[in-house]
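Just so it is clear, none of the values below were taken in a lab; they were calculated from the coordinates. This structure is a prediction, so every number in the text was calculated from the model and none was measured. Counting neighbours? That spans all protein chains shown, and the Cβs are built from the backbone with ideal geometry, glycine included.
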Amino acid sequence: MLEQIRTEISDFLDQRGDKQAALDAIIAAAESEGRSDLTADETASFDEARTALQEIDTKVENLRSREADLMEIEQRKSAAEDTRDALGVVQARSVTVRTEARTYRPDGEFDFLGDVLAAKRGDARAADRLERNRREAEIDYRSTTGNFGGLVVPQYLTEQFAPVLVSGRPFLSAVTNVALPAQGMNLTIPRGATGTSVAAQTTENTAVTNQTFTESDLVVPVRTFAGQQVVSKQSIDRGTGIDGILMADLFQQYATKVNVSAITGDGTAGGHWGILSTTSVQTAGFTGTTATALVSSIHNAIGKVNAGRYAAPDLIVMHPRRWAFLCAGSDSSNRPLVEIVGGSGMNVIGQGSAPGYNAVGSIAGIPVITDAAVPTTLGTSTNEDRIIVTRRSDVLFMEDAGAPVGLELEEVLADQLSVRMVVYGYSAFTAGRYPVSTCVIQGTGLANVLS
């Protein structure tokens, strides 16, 4: 596997070199002609190359992490074998297993919840399978939960919600994801408040400018999202696929609720401070009725982020109905404003698909994702949605590795042959590191009527 990972890293680095060369060529062409601005075609090619570089860097980083994990495992194995040799212990012949079936899988012989109950009753074989599943998770996902108060749920169950982001967590999967620190219920992020200063010296031997640097702390609370389900022992002992149905639904609910909170939460009732409720984010108005007018507002928002953050946004988030509104829009000659990939339309403002974080398209070279968690009941008439233009690196989502992984079986319901399952996860979210990195488009033009 190490060799395969290194081959993939090499291939991605080759692709990166090609994209970097294309980007450098665009800049060199402009410089050779004495231009400070890029043409429309150059801008589109530049944005495409930049997005591709970001995606390749992310993939390489993930592969490097997996490579480091496997190397650590091999080093530990080698150290153990050296110790065994030093002690003179006779070692059995080593057998390398290149592929081995998972302990729990959809078409497997063993049922996860059934083994949990059996292990509770003292079944050693069931307990061994649960422990083996925990070790599999440690190797692949660096999960450390392994007792009956926090069992490692088989990955095939979590995968039923994680990659399928229809009503789960498109927004959170697109922003910057980092590991949640192991301790504490509040995270403190220092933010610069007043910067130092530099100015020309008036004359020789005169005092130079001086400004004391100050900072303020951004406190981000760690929140807990959880759900439970009570089922009969009979349904687990004698049912088929019950664990898949219940766990998949609990995971989907977890993913959706955390995502909704990260967009619309107001910090109360144990929820996150969502991006729409973050203090000092920028806003742009839209009161028009056409897709063309909305595109102008989106460009206005892009400009505000660029001017306030001194860097361009790289993500646009909107409700599916708003993307449909844009796709249905056309110019005065009935030409679509958003063309499908491979089309040859003129005067288009976006494309119907784009690479990166499950984007449905792009506007001004910036990937667009749709998320049903964007509210549609805002505004005076409670029928408006919102469009979020932001910079991914400045929006942070922190979550326990592999969350949600919790499962609790409580004996308190044993008198009625019932089993309680609890799924939970700890997470933190903030768009407040640089609020000016986000611009929210709002106004009566975002009502629910297509034109």
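Per-structure values
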read-out	value
Proximal lysines relative to Lys77, as straight alpha-carbon distance under 29 Å, when same-chain residues fewer than 8 apart are discounted	Lys59
Segment Ala401-Ile245, extension gain: residue separation times 0.36 nm, minus the distance between their alpha carbons	53.9 nm
Full-stretch length increase - Arg66, Thr289 - with 0.36 nm per residue and alpha-carbon distance subtracted	75.3 nm
For the stretch 290-305, 3J(HN,Hα) per residue [Karplus equation, 6.51 cos²θ - 1.76 cosθ + 1.60, θ = phi - 60°, Hz, x = Gly/Pro]	10, 5, 4, 5, 5, 4, 4, 5, 5, 5, 4, 5, 4, x, 5, 5
Built amide H within the under 5 Å cut-off of Val222, gap 5+	Asn186, Leu187
Which of Tyr310, Tyr424, Tyr104 has the fewest Cβ neighbours within 10 Å, and the rest in rising order	Tyr310, Tyr424, Tyr104
Under the Karplus curve 6.51 cos²θ - 1.76 cosθ + 1.60, θ = phi - 60°, whole-Hz ³J(HN,Hα) for the stretch 430-436, x wherever Gly or Pro sits	7, 10, x, 4, 9, x, 5
Pairwise FRET efficiency - Val230 versus Ala269, Cβ, R0 = 30 Å, nearest 0.05	0.80
Estimated inter-spin distance, Gln15 and Arg50, nm [label 7 Å along Cα→Cβ]	2.0 nm
Packing-based order for 292-299, 260-267, 5-12, using average beta carbon neighbours within 10 Å, highest first	260-267, 292-299, 5-12
Burial ordering of Phe429, Phe397, fewest other beta-carbon atoms within 10 Å first	Phe397, Phe429
